[in-house]
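Throughout, read-outs are computed from the coordinates displayed, never taken from laboratory work. The model shown is predicted, which means the values in this text are computed figures rather than measured ones. Here the Cβ is made from the backbone with ideal geometry for all residues, glycine too, and neighbour counts use every protein chain on show.
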Amino acid sequence: MPITADSDLRNCLAQTRLIAMPGASDNPERPSYGVFRYLRAAGYEVIPVNPGRVGRDLDGVPFVARLSDIERPIDMVDVFRASDALPSLVEEILALKTHPRFLWTQLGVVHPQAIATAEAAGLQVIVDRCTKIEHRRLGL
């Protein structure tokens with residue numbers, strides 16, 4: 001079952017230090033841009049993941065093409081991709097040497113089969129919620 005209780009959301013956000021953000025954009029009009037900047041200002045290390053943006057940076061942080069390009073263990077994958085991209089993203093997560101503890105899908109990003117696969121592999125999953133909204137709402 002995806003995480004829904006406030007205490008579990010708080011725990012997730014408290015245990016997270018390094019966030020990988022697939023679908024991050026350097027376009028200020030995109031929601032991921034504002035969430036990226038908010039999370040960094042809140043003290044998280046956030047790495048933007050977007051193969052179409054490699055060679056560029058977001059607030060001084062270079063884009064990487066894929067999760068495997070991040071050489072340290074990831075605590076959370078915060079997904080700003082379309083729902084139909086979630087199965088391949090979960091495959092990419094499960095191929096990592098060290099799995100992240102949390103998979104967080106943003107508002108509207110729902111794929112029941114991919115979520116079930118991630119949970120079966122031991123990931124704690126938060127679905128269809130915004131990290132920025134929840135962080136603010138919980139007063140963190």
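Some observations on this one:
- Of the residues making up region 1-15, those that are assigned to a helix (DSSP H, G or I) and surrounded by 10 or more Cβ atoms within 10 Å (Cβ to Cβ) are Asp6, Asp8, Leu9, Arg10, Asn11, Cys12, Leu13, Ala14, Gln15.
- Residue list for region 16-34, restricted to those being over 14 Å from Cys130 (Cα atoms) and surrounded by fewer than 18 Cβ atoms within 10 Å (Cβ to Cβ): Arg17, Leu18, Asp26, Asn27, Pro28, Glu29
- The residues in region 94-108 that are free of Cβ contacts under 8 Å to residues at least 40 places away in the same chain and either surrounded by 23 or more Cβ atoms within 10 Å (Cβ to Cβ) or under 11 Å from the mean Cα position of the chain (by Cα) (or both) can be counted, and the count is 2.
- Leading residue by the ranking (nearest to Arg81 (Cα to Cα)) among those in region 24-69 that are charged (D, E, K, R) and assigned to a helix (DSSP H, G or I): Arg53
- Looking only at residues of region 47-93 that are among the charged types (D, E, K, R) and surrounded by fewer than 14 Cβ atoms within 10 Å (Cβ to Cβ), we find that the one that is farthest from the chain's Cα centre (by Cα) is Arg56.
- Cross-chain or 6+ apart pairs with Cβ under 9 Å, region 75-93 first and touching a residue at least 60 places away in the same chain (Cβ under 8 Å), then of a type in the set (Phe, Trp, Tyr) and assigned to a strand (DSSP E or B): Asp75/Phe102; Met76/Phe102; Met76/Trp104
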